[in-house]
Amino acid sequence: MLLSVSVLAIVSLAVAQSIIGVSPDMESLYKPDSNGNWHCLLDPSHIIKFDQINNNFCDCPDGSDEPGTNACEYTLESPKMFYCANEGFIPKHIENYKLNDGVCDYDICCDGLDEYLSGNCPNVCSKVKRQYDEYMSSKRKEIANGIRARRDLERMAAELRAAFKQSISELVSSIEEIEQKEIAGILANSRFVDDQQDKLLFIVKGDKLSELSEFYIATNKEQEKTIEQLESLMLKMSKNYNPNFNDAAVKSAINAFQDYYSNKVESAVLVPNINDILVDRYTLSSQNCKNGVIGILRDNILSWPGTLHKYFDQFVETFPNHNSKESNKLTNDNGNKNEGGQAKHSLESLHRKLAANRAEYDRNYGENDVLLALKNQPYEKKIGEYTYKIDFMNSVYQDRTLVGRYDSFEDDSMEFVSGDRCWNGPQRSATVKLLCAEEFDLLSVDEPQKCHYEFILTSPVACKDLSEEELAKGFKLDKAVLF
Ligand code: MAN
């Protein structure tokens, strides 16, 4: 009762000025009509007397009649908020259930208006503003330094990226050079090539294979059509010819045709699709063949695809890396076998190196490759009984225990998975959350679930330009120094 009387007293004061709890942009909605009535905001069919506003009784279903009390229930679906002007600082809204509860909510209402009934909370806005300004200016400086440090990382990453690219192209050149030498060796030394030199029309790069195979498939189809026409002519002839004519030439041609025709199905099955041959040979043959050069004999291919198979076999045999006892002999008739072996070995290791480099090169190192600068630059710190080692984009260790291998990086958070298994538990894993700062510092390690770890690490990697609102989100009022 006492409460309603004092609320009414304040409300009548508010009517003269403005309605308590209502922000200036909503004030125009809180005016009586000519009959002294007022319409609830979300449901104007609900009409109340204007002096029922803020009478500490919830009349409107949407609660709009009680902007200055906690008479209407606060729910997540329908939050009731009270406006604090915080003159000289930033106006804010506070949840209505925090009104007049005896607690000065200075982090929201520095003007103390949330306790308007008791008046026990003096206005501290100038002090709050001082704290806030100090926080914002130090935060701005911190972010600017962090962004500068991040740019340094990005510059470093750009240099590493260029060096990476250069080393890949050097590897490619070395491989090409060795392969060219090998081809020259094959052409000069191989018996096969000596015998068939006039027939060697194409030396093609592996990646031209598909183009070439399409050409042969089309040619092959044309030939098949011609053969079909000839066969149908010969079939007719073998059925309709008159044996009484006793023409020896015709007889022998018909016999040869019948012989051919009755074996035809079998031989057709034996001739594989040209594309299959190429792909098969291409993948099964040596590393040298796979990545380098493949020779193809054209004239015989055109006459019968099966011949291609034969010559292809022979040709592949001439490659020094082919799995044949003969292969080294063929290509090294006048050479030193050991040298050939070494060349093969170094070529294979170059290929392996190239593949590994390319895989590393293609990884996602985040915006502007920033994480590339941290490659092979692990961060280490002892916290509690363990020393933690975070090797970005690689692994996390707790002493000698593998906590996880790098999996992903998104929203300033790195995931590490598939670490060492815990005793009677899962495989270890970790989330490394990055906070912006100029320096790397492991602030904390938690284990919120058994063997899943959460690291908080400051790092320039997480630094980016923030708006004033985003920056202000981190402000925590220190109430202890207000008085
Ligand atoms: C070790 C550490 C701990 C972990 C237990 C699980 O002691 O890796 O972090 O919780 O193993 O057995």
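The values are calculated or read from the model by the stated rules, or taken from the named source; none is laboratory data. In this text, all values refer to a predicted model and were calculated from it rather than measured experimentally. So basically every Cβ, Gly included, is an ideal-geometry build from the backbone, and we count neighbours across all protein chains shown. SASA here: full protein model, heavy atoms, side chains in, ligands and nucleic acids out. Shrake-Rupley method; radii C 1.70, N 1.55, O 1.52, S 1.80 Å.
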Give the residues of the range 418-441 that are within 15 Å of the ligand (Cβ to nearest atom) and more than 26 Å from Glu360 (Cα to Cα), sorted by residue number. Arg421, Cys422, Trp423, Asn424, Gly425, Pro426
Give all pairs with beta carbons closer than 6 Å in which a residue from the range 413-425 that is more than 12 Å from Tyr453 (Cα to Cα) meets a residue that is near the ligand (Cβ under 9 Å from one of its atoms) and not hydrophobic (A, V, I, L, M, F, W, C); count only pairs at least 6 apart in sequence or on separate chains. Asp420/Thr401; Asp420/Arg428; Gly425/Lys450
Please indicate, with yes or no, whether at least one residue in the range 438-447 is within 24 Å of Ser137 (Cα to Cα) and under 23 Å from the mean Cα position of the chain (by Cα). no
Being farther than 23 Å from Glu154 by Cα, out of contact with any His (no Cβ under 6 Å at 6 or more places or on another chain) and open to solvent by less than 70 Å² (accessible area, probe 1.4 Å): is that true of Val432 here? no
For the range 379-403, name all the residues that are open to solvent by less than 60 Å² (accessible area, probe 1.4 Å) and either within 12 Å of the ligand (Cβ to nearest atom) or more than 15 Å from Lys433 (Cα to Cα) (or both). Ile383, Thr387, Tyr388, Val396, Gln398, Thr401, Leu402, Val403
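Counting only residues that are within 16 Å of Tyr260 (Cα to Cα) and surrounded by 10 or more Cβ atoms within 10 Å (Cβ to Cβ), how many does the range 230-244 have?
First pass over the range 230-244, keeping only residues within 16 Å of Tyr260 (Cα to Cα): 230-239.
Of the ones still in play, those that are also surrounded by 10 or more Cβ atoms within 10 Å (Cβ to Cβ) are 230-238.
Summing the residues that are within 16 Å of Tyr260 (Cα to Cα) and surrounded by 10 or more Cβ atoms within 10 Å (Cβ to Cβ) in the range 230-244 gives 9.
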When the range 7-45 is checked residue by residue, the ones that are modelled with pLDDT under 50 and small (Gly, Ala, Ser) are Ala9, Ser12, Ala14, Ala16
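Scanning for something within 15 Å of the ligand (Cβ to nearest atom) and not hydrophobic (A, V, I, L, M, F, W, C), does the range 405-417 turn up at least one residue? Write out each step before concluding.
Quick first cut of the range 405-417, residues within 15 Å of the ligand (Cβ to nearest atom) only: 416.
The next check asks that each one be not hydrophobic (A, V, I, L, M, F, W, C); those that pass are none.
For the range 405-417, residues within 15 Å of the ligand (Cβ to nearest atom) and not hydrophobic (A, V, I, L, M, F, W, C): absent.
Out of all the residues in the range 359-366, is one or more over 23 Å from Gly146 (Cβ atoms), within 16 Å of the ligand (Cβ to nearest atom) and surrounded by 14 or more Cβ atoms within 10 Å (Cβ to Cβ)? Give the steps one after another, and end with the answer.
Just the residues of the range 359-366 that are over 23 Å from Gly146 (Cβ atoms), to begin with: 359-363.
This time we only want the ones that are within 16 Å of the ligand (Cβ to nearest atom), so: none.
Scanning the range 359-366, I find no residue that is over 23 Å from Gly146 (Cβ atoms), within 16 Å of the ligand (Cβ to nearest atom) and surrounded by 14 or more Cβ atoms within 10 Å (Cβ to Cβ), so the answer is no.
Looking for whichever is modelled with pLDDT of 95 or more and outside any strand (DSSP E or B) here; the options are Glu469, Glu439. Which one fits? Full working, then the answer.
Working: Glu469 fails: modelled with pLDDT of 95 or more.
Of the residues listed, the single one that is modelled with pLDDT of 95 or more and outside any strand (DSSP E or B) is Glu439.
Looking only at the range 435-455, count every residue that is closer than 24 Å to Asp369 by Cβ and either of a type in the set (Val, Ile, Thr) or open to solvent by less than 10 Å² (accessible area, probe 1.4 Å) (or both) and tell me the total.
Quick first cut of the range 435-455, residues closer than 24 Å to Asp369 by Cβ only: 435-442, 455.
Within this subset, residues satisfying the condition of being either of a type in the set (Val, Ile, Thr) or open to solvent by less than 10 Å² (accessible area, probe 1.4 Å) (or both) are 442, 455.
Residues that pass the stated criteria total 2.
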Go through the residues of the range 84-98 one by one and say whether even a single one is open to solvent by 40 Å² or more (accessible area, probe 1.4 Å), touching a strand residue (DSSP E or B) at 6+ places or on another chain (Cβ under 7 Å) and either among the polar types (S, T, N, Q) or not in a loop (DSSP other than H, G, I, E, B) (or both). yes
